[in-house]
Amino acid sequence: MRKADQNWHPPLRTGNFFRMTKELPQQLTYDEHEAAEIVGVSVSTLRRNRRDGLPPDYIKIRGSVGYPLADLHRFVERAKRGR
């Protein structure tokens with residue numbers, strides 16, 4: 001792992017969309033706190049969406065919830081288009 005990757009943080013939300021960098025780490029999933037920051041919603045919104053079966057899609061392994069980056073992108077794109 002390069003030194004730059006060790007200090008990596010999820011992309012920050014700017015305006016109506018989030019800024020993605022070209023050097024995203026090859027991380028399979030993001031936890032709910034990272035996912036909330038990436039898409040610009042609160043953790044409680046993600047939890048409520050999970051409970052109600054709403055996007056973004058997630059995976060659950062041994063009690064840990066993870067959000068694949070592709071599903072977070074799809075969630076943001078739908079929100080931009082008004083679903």
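The values are calculated or read from the model by the stated rules, or taken from the named source; none is laboratory data. Keep in mind that this is a model prediction, so the values were computed, not measured. FYI the Cβ positions are ideal-geometry reconstructions off the backbone, even for glycines, and counts take in every protein chain you see.
What number of residues within the range 28-47 are over 16 Å from Ile59 (Cα atoms), buried (at least 18 other Cβ atoms within 10 Å of the Cβ) and without any contact (Cβ under 8 Å) to a residue 12 or more places away in the chain?
Selection size over the range 28-47: 1.
If the Cβ limit is 8 Å and pairs must be 6+ apart or interchain, which residue in the range 57-83 that is in contact (Cβ under 8 Å) with a residue 60 or more places away in the chain pairs with which residue that is among the charged types (D, E, K, R) and surrounded by 14 or more Cβ atoms within 10 Å (Cβ to Cβ)?
That search, which allows pairs on different chains as well, returns nothing.
Show me the helices (runs of 4 or more DSSP H) entirely contained within the range 1-58 in which 1 or more residues are at pLDDT below 75.
3-6
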